[in-house]
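The values are calculated or read from the model by the stated rules, or taken from the named source; none is laboratory data. The model shown is predicted, which means the values in this text are computed figures rather than measured ones. Please note: Cβ atoms are built from the backbone with ideal geometry, for glycine as well, and neighbour counts cover all protein chains shown. Please note that ligands, DNA and RNA were not included when accessible areas were found on the heavy atoms of the full protein model with its side chains. Shrake-Rupley method; radii C 1.70, N 1.55, O 1.52, S 1.80 Å.
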Amino acid sequence: MRTRPELLSPAGSLDKLKIAVLYGADAVYCGGQKFGLRMASDNFTNEELKEGVVFAHSHGSKVYVVLNGFLHDEDLETLPEFLKLLEEIKVDAVIVSDLGTIETVKSNCKVPIHLSTQASCLNVESAKLWKSKGVERVVLGREVTLTDAKEIKEKAEIEVEVFIHGSMCMAYSGNCTISNYTQGRDSNRGGCAHSCRFEYSIDYAEGENSKSTFMSSKDLEGVALLPEFVAAGVDSIKVEGRMKGPHYAGTITKIYADALRELEVNEKLSPESLAYYDSELLKVTHRDYSSGSLSHAAGEESIYSEREHDDKEYEVSGVVADVVANEFILLEVRHAFFVGDELELMPFVGKSQKFRAKTVLNFINETREKTKPGELVKLPWVPGAEKLNLVRRRLV
Amino acid sequence: MSPILYLSDSVDLKKFTNGEFIIEPSALSRFGKLDLKKTNLLSKEAKENGHKVYLEWDILMVEKDFIKSVEFFKQIDLKNIDAIRVQDPGAINWCLENTTHDLHLNLETGNHNYLGIKSWLEKGKSRISRIVLSIEWSKSQLEELLPRLSCPVEFLGMGRILLFYTPRYLLNVGLSNRESTLEVGDTGHWLEAAGQSEESPHKGFPLLENRHGTFMFLPSDHCLLDYLKDLKEVGISYLRLDNRFMSKELLESVLEQVKAPSIEGFQRVKEISEARLIRGFYNTNKSDVLFKKLKNHRIQRRDENYLGQILDVNKKNYLAIKLKNPKKTLSLGDNLCLQTPDGKTKYLTVNWLKDCAGNDKDQASGEDLVFVNHVGGVSVRASVYFSHE
C-alpha cells in the first residue's frame with residue numbers, strides 16, 4: 001500500500017474528541033469558542049482544548065483547530081491571543097479560510113496552516129497560490145474528483161485533504177449567503193440555518209411548477225473508493241460532522257479506521273468486508289448516501305429528495321462511563337431502552353458484541369424496567385468493554 | 001464615481017462617453033451569454049467607441065474546467081480588453097503568470113478584513129488596478145478600510161444579490177419535459193424560475209440554471225442610489241450597476257439618477273423596479289449578534305473552580321458527578337455550587353462520596369465518576385464548581 005492517508009475525524013466536544021481518537025482517528029479537528037463555523041456546537045473552552053490535545057497526543061493522534069470563519073477585522077483583533085495559546089498547547093495545525101487569517105497566524109505563531117474547504121480550492125493554480133502564501137495543506141472543495149486531487153497534489157506539490165464522509169453543502173463552500181440575508185445570521189461565520197434543506201415550490205419561466213428539496217445534497221460516503229484515495233496519494237481523508245453525536249463520531253471513525261487497516265494488509269477491500277462497512281455506515285443517522293464528486297461531477301442523483309432523514313436503523317443507547325470487571329458496565333444512557341433488550345457493544349477495534357440487558361440497575365441497585373436519557377445504569381459485564389465504548393440498539 | 005455596466009447587444013454604446021463595460025463570455029463568466037465571436041466583436045465595438053472593456057472571468061473551476069477556460073481565454077482578442085476581472089484564486093494566479101493585463105480582483109467572497117486584502121494586493125503588486133468588495137461590508141467598516149488601501153475600490157450600486165452558487169444542475173431535474181435539443185451544461189443552456197419555501201418568510205427567490213450550474217438570488221435587489229454622495233465620501237471609486245437583469249426603462253432611470261442624483265430620481269427607480277430595493281448590510285452588519293443565542297452558555301465550562309458535570313440525578317438518593325478538571329480534587333466536606341442548564345444555582349456539601357462500585361472514598365480526582373449525596377433542584381448536565389460561600 002502507498003502511504004496510508006491520515007483519518008481525520010470531527011470533534012464537536014471534548015467527549016467526542018476522546019471517542020473519535022479511541023475509535024481510531026489519526027487526527028481530529030475541533031473549534032474554540034470563536035473563529036469557527038459551528039457556533040451552535042458545544043466547541044471547546046481553552047481548558048478543554050488543552051486537555052483534548054494532551055489526550056490526543058498521548059494516543060498518537062493530532063489535533064487541528066478550525067479558524068475557518070470568514071473573519072472580520074474585529075475578529076482578527078482577538079485572534080493573536082488565541083493563537084499563542086494554540087502554539088503553547090502544541091496543536092498540530094490550524095484550519096483557515098482567508099488570507100487575513102493566514103497573515104495573522106504567520107505573524108503570531110509557527111503553527112502549520114491548512115486551508116479550509118471554505119476557500120473552495122479547486123485547481124492546481126489555486127493550490128499553488130495558497131502554497132505561496134504559506135499554506136501547507138489544502139482541504140479541497142467537495143467538487144474536486146480524486147483524479148483532480150492527485151493532479152493538484154503532484155503539480156502544486158502540496159498536501160491534500162479530501163472529504164470522504166458526511167453532510168455536504170450543495171453550494172461551493174463559502175459561496176452561500178442565504179442565512180445572512182434571510183435569517184440575519186452569517187453562514188460563513190458559524191450561523192448557517194441550513195435553508196438549503198427546505199422544501200421549495202419552483203415556478204419555472206416556462207410555466208411548469210414543482211415542489212422539492214432541490215437544493216439539498218445527499219450525504220457523502222466513500223468507503224468503497226478508499227483504495228482510490230490511497231492511489232491518488234491523498235494525505236488526509238476527512239469526515240464531516242462536528243455537530244453530530246458520539247455515535248456518529250465513533251462509528252464512522254471506526255469503520256474508516258478498520259478499512260484503512262485492511263488496506264494496509266491486503267491492498268484492497270474484500271467484497272465481504274466492504275459489505276460489512278456499508279452495513280455499518282447505514283446504522284448511523286444519515287441522508288441517502290452518494291459518492292458526490294469523488295469519481296465524476298455530482299449529478300442529479302446527488303440531490304436528496306426528502307425534508308427529513310430516513311428512519312434510523314440503530315440508535316446509541318449510551319456511552320460506557322465506567323467498567324467494573326466481571327461485575328457490570330456503567331452506562332450513561334443517551335436513548336431509552338428496556339430491561340431484556342438486545343444491545344451491541346462497539347469495542348474500539350473489532351466487531352460489535354451483542355448482549356442482552358438481562359438486568360438493568362441504578363447505582364443503588366434498584367431495577368430499572370425502562371431507562372431514560374441522562375441516567376447511569378449498571379448492565380451485565382461484557383468482556384473487553386472499556387470506558388467510552390458505545391452501546392447501541394437496533395430499532396427496526 | 002464612475003459607473004460600470006455589463007455589455008450586451010441591448011446597450012447603445014454611442015449613448016455613453018468614456019464608458020466602462022464588463023464583457024461576459026459564456027465560457028468564463030457566471031451569467032455570460034456571449035460566444036467567442038460575439039465577445040471579440042462587442043469588445044472591439046466598445047473600444048472603437050472610446051470605452052474601456054473589462055473581461056469577466058468569475059466562474060469557479062475544477063481542474064478540468066480550468067484547463068478548458070484557459071484554452072478559451074487564449075482565443076480572445078485581448079487587444080480590446082483593458083483589464084481582466086478574476087475571482088477563482090487559480091485564475092488570479094494564472095493571469096499573474098501568463099498575462100500582462102491589469103487585473104480587477106473580485107474579493108466578494110471570503111474577504112472581510114484589511115490584512116487579507118492587503119495580502120492580495122501584495123501578491124498582485126502593480127498588476128491589480130481595482131478590487132471589488134463584498135456588499136457585506138458596512139459603511140462604518142468601509143470608512144475604516146478604504147483609507148488604508150492603495151488600490152481603488154468597486155462596489156455594487158444596484159443589482160441582484162447572489163445568495164447561492166453550485167456547479168450542480170438543480171432546476172432541469174424538476175421539469176417534466178426536460179430539454180431535448182440542448183444538453184444540460186451546453187453553452188446555450190439557460191433556465192429561469194422562482195422559488196419559495198413555507199419555511200422562509202421570503203417569497204420569489206429568482207433561480208437560474210446555466211452551463212455553470214445553479215444560482216439563487218434574493219428576491220430584493222441591492223440599491224444604494226440614495227447614498228451616492230455617501231459612497232463617494234467613503235472612498236468608493238467605481239459603482240457597478242448590474243443591468244443584466246434590468247429592463248431598459250429601469251436602466252435609463254438608474255443612469256439618470258447616477259448622473260444627477262435626486263430624491264425624485266430615486267423614487268422613480270423604486271417605482272419602476274420590479275424587485276423591492278434594499279440597502280442590505282450597508283448601514284449595519286450585525287449578522288453575528290444572534291450567535292450567542294445558538295447554544296446554552298450556562299452549561300459551558302468556566303474554568304476557575306470548575307470541577308465537572310452532573311451525569312445522573314436520583315431524587316433523595318444521589319448525584320453522579322463526572323470529574324472533568326484534572327487540576328482539582330474533590331474531597332469529603334467540600335462545598336459545591338451547581339449551575340443548572342435552566343439557570344438555577346444550588347449548593348451542596350459533600351457528606352458522602354462513593355466510586356462506581358459503591359466503595360466509600362475520601363477523595364476523587366482526574367476523570368473519576370463519583371456519587372455524592374443528593375440536593376434538590378439539580379438536573380443532569382448541571383455544571384459543578386467549588387463554592388467559596
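Condition test on residue A:92, is it assigned by TED's automatic domain parsing to the domain that holds residue A:10 and modelled with pLDDT under 95? Considered against the rule, which asks whether it is assigned by TED's automatic domain parsing to the domain that holds residue A:10 and modelled with pLDDT under 95, residue A:92 comes out as no. When the test is whether a residue is in contact with an Asp or Glu (Cβ under 9 Å, 6 or more places away or on another chain), more than 7 Å from chain A (Cβ to nearest Cβ) and over 30 Å from residue B:51 (Cα atoms), residue B:172 passes it. Summed over the stretch B:46-102, residues that are in a strand (DSSP E or B), acidic (Asp, Glu) and open to solvent by 20 Å² or more (accessible area, probe 1.4 Å) total 1. In the stretch B:147-167, of all residues being over 18 Å from the mean Cα position of the chain (by Cα) and open to solvent by 20 Å² or more (accessible area, probe 1.4 Å), the one that is nearest to the other protein chains (Cβ to nearest Cβ) corresponds to B:148. Being touching a Gly at 6+ places or on another chain (Cβ under 7 Å), within 24 Å of residue B:217 (Cα to Cα) and among the polar types (S, T, N, Q) is true of residue B:26.
Name the single residue, out of those in the stretch B:314-354 being within 12 Å of another protein chain (Cβ to nearest Cβ) and out of contact with any strand residue (DSSP E or B) (no Cβ under 6 Å at 6 or more places or on another chain), that is surrounded by the most Cβ atoms within 10 Å (Cβ to Cβ). Among residues in the stretch B:314-354 that are within 12 Å of another protein chain (Cβ to nearest Cβ) and out of contact with any strand residue (DSSP E or B) (no Cβ under 6 Å at 6 or more places or on another chain), the one surrounded by the most Cβ atoms within 10 Å (Cβ to Cβ) is B:314.
Of all residues in the stretch A:179-231, those satisfying the criterion of being open to solvent by less than 10 Å² (accessible area, probe 1.4 Å), assigned to a loop (DSSP other than H, G, I, E, B) and more than 7 Å from every other protein chain (Cβ to nearest Cβ) are A:213, A:216, A:222.
Among the conditions (1) without any contact (Cβ under 8 Å) to a residue 60 or more places away in the chain; (2) at negative phi; (3) open to solvent by 10 Å² or more (accessible area, probe 1.4 Å); (4) more than 11 Å from every other protein chain (Cβ to nearest Cβ), residue A:55 misses just one, which is (4). Looking only at the stretch A:285-304, decide whether some residue is at pLDDT below 95, away from every other protein chain (no Cβ under 14 Å) and part of a strand (DSSP E or B). The answer is yes; a qualifying residue exists. Quick one: residue A:5 ticks every box in (1) over 13 Å from the mean Cα position of the chain (by Cα); (2) within 14 Å of chain B (Cβ to nearest Cβ); (3) surrounded by 24 or more Cβ atoms within 10 Å (Cβ to Cβ) bar one, so which box is it? Tallying (1) over 13 Å from the mean Cα position of the chain (by Cα); (2) within 14 Å of chain B (Cβ to nearest Cβ); (3) surrounded by 24 or more Cβ atoms within 10 Å (Cβ to Cβ), residue A:5 fails exactly one: (2). Summed over the stretch B:16-32, residues that are acidic (Asp, Glu), buried (at least 23 other Cβ atoms within 10 Å of the Cβ) and outside any loop (DSSP other than H, G, I, E, B) total 0. Residues that are more than 8 Å from every other protein chain (Cβ to nearest Cβ) and either touching a Ser or Thr at 6+ places or on another chain (Cβ under 9 Å) or more than 21 Å from residue A:102 (Cα to Cα) (or both) within the stretch B:106-118 comprise B:107, B:108, listed in sequence order.
Exactly one residue out of B:273, B:253 is modelled with pLDDT of 95 or more, among the hydroxyl-bearing types (Ser, Thr, Tyr) and out of contact with any strand residue (DSSP E or B) (no Cβ under 9 Å at 6 or more places or on another chain): that is B:253. Any chance you could count how many residues in the stretch A:131-168 are open to solvent by 10 Å² or more (accessible area, probe 1.4 Å), facing another protein chain (nearest Cβ under 8 Å) and in a loop (DSSP other than H, G, I, E, B)? Of the residues in that region, 3 qualify.
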